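Peer 1: Let me begin by handing over the structure; questions about it come next.
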Amino acid sequence: MKAFESERLWASYGNLNAVNIEAKIGKGAGFLYFSGHGFPYGWGTHKPDDKNWTGTYFTPYIAGLINGYKLPVIFLDACLTAKLDFNSSDLREDGVPVPFNATFPCFAWYFIAQPTGGAIATIGSTRVAFTGVDENGPHWGSGFLAYHFFSSYMNSSDKILGNIFANAQECYLNSEWDRWTIQEFILLGDPSLKIGGYE
């Protein structure tokens, strides 16, 4: 996406943490792409060849975002981040243990519901997401859908969010046998949104 200046927070760079995530969102962004491990209550990942969690970002942290009207579209290439039927009382053993006891909506929705910032829209998985990545990049699953989403944005003339997401789904289905990725990834936000606004 040559029209954008990218900022990378990567586990392998050692700069992936909640403070840096919030600082980058606070500056404003057109898009955010979280690729890693998701939970109904957050996101995290591991450094290469390391089983320790790094970069964990939990739903309640979103309450600290103060990016005002500089609202990105967020693609959450991770499991369960848009599990709309999530209730913190039914936490499972998978994922990062929640270090607090509270009731809150799923991670993807909380970005949109945050009154002082957050996101204008999110795309996330309602259940466990899978992906296939090799030395040539993603070739199926959530990472491949994300690739089609950003490609659809770059090739879109109208920049309407719902059209871009629908086109990404269509491109994905035309090139891959996997149907569950299409069924579990959803768009939260106004599908008629024109990304970047009107002049």
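The values are calculated or read from the model by the stated rules, or taken from the named source; none is laboratory data. In this text the structure is predicted, and so the values were computed from the model without any measurement. Because the Cβ atoms are built from the backbone with ideal geometry, glycine has one as well, and the counts that use them run over all protein chains shown.
Peer 1: Is there a residue in segment 168-182 that is surrounded by 14 or more Cβ atoms within 10 Å (Cβ to Cβ), of a type in the set (S, T, N, Q) and over 19 Å from Ala82 (Cβ atoms)?
Peer 2: no
Peer 1: Scanning for something under 20 Å from Phe34 (Cβ atoms), among the hydroxyl-bearing types (Ser, Thr, Tyr) and not assigned by TED's automatic domain parsing to the domain that holds Tyr41, does segment 186-198 turn up at least one residue?
Peer 2: Within segment 186-198 (the criterion being under 20 Å from Phe34 (Cβ atoms), among the hydroxyl-bearing types (Ser, Thr, Tyr) and not assigned by TED's automatic domain parsing to the domain that holds Tyr41), the answer is no, since none of the residues qualifies.
Peer 1: If you don't mind, another one. Which ones in segment 142-161 are more than 13 Å from the chain's Cα centre (by Cα) and hydroxyl-bearing (Ser, Thr, Tyr)?
Peer 2: Listed by number, the residues that qualify are Ser151, Ser152, Tyr153, Ser156, Ser157.
Peer 1: Taking the condition of being free of Cβ contacts under 8 Å to residues at least 60 places away in the same chain and more than 21 Å from Gly30 (Cβ to Cβ), how many residues in segment 101-110 meet it?
Peer 2: 4
Peer 1: Taking segment 28-62, which residues are in a helix (DSSP H, G or I) and modelled with pLDDT under 90?
Peer 2: Residues satisfying the conditions are Thr59, Pro60.
Peer 1: Report every pair of residues separated by at least 6 positions or lying on different chains whose Cβ atoms are under 9 Å apart, first residue within segment 112-137 and free of Cβ contacts under 8 Å to residues at least 40 places away in the same chain, second surrounded by fewer than 14 Cβ atoms within 10 Å (Cβ to Cβ).
Peer 2: Taking only residues 6 or more apart or on different chains, not a single pair turns up.
Peer 1: Another question about this same structure. Which of the residues belonging to segment 26-56 are hydroxyl-bearing (Ser, Thr, Tyr) and more than 23 Å from Ile195 (Cβ to Cβ)? Outline the logic, then answer.
Peer 2: Restricting attention to segment 26-56, the residues satisfying the condition of being hydroxyl-bearing (Ser, Thr, Tyr) are 33, 35, 41, 45, 54, 56.
Across segment 26-56, the qualifying residues are Tyr41, Thr45, Thr54, Thr56.
Peer 1: Any idea which residue in segment 111-160 is farthest from Ala29 (Cα to Cα), counting only those that are in contact with a Cys (Cβ under 9 Å, 6 or more places away or on another chain) and part of a strand (DSSP E or B)?
Peer 2: Here the residue is Ser125.
Peer 1: For the structure I just gave you, tell me whether Glu176 is without any contact (Cβ under 8 Å) to a residue 24 or more places away in the chain, not assigned by TED's automatic domain parsing to the domain that holds Trp109 and not aromatic (Phe, Trp, Tyr). Give the steps one after another, and end with the answer.
Peer 2: Numbers: without any contact (Cβ under 8 Å) to a residue 24 or more places away in the chain: no; not assigned by TED's automatic domain parsing to the domain that holds Trp109: yes; not aromatic (Phe, Trp, Tyr): yes.
Considered against the rule, which asks whether it is without any contact (Cβ under 8 Å) to a residue 24 or more places away in the chain, not assigned by TED's automatic domain parsing to the domain that holds Trp109 and not aromatic (Phe, Trp, Tyr), Glu176 comes out as no.
Peer 1: Kindly provide the set of residues from segment 162-199 that are in contact with a strand residue (DSSP E or B) (Cβ under 6 Å, 6 or more places away or on another chain) and assigned to a helix (DSSP H, G or I), ordered by number.
Peer 2: Residues satisfying the conditions are Phe165, Thr181, Glu184.
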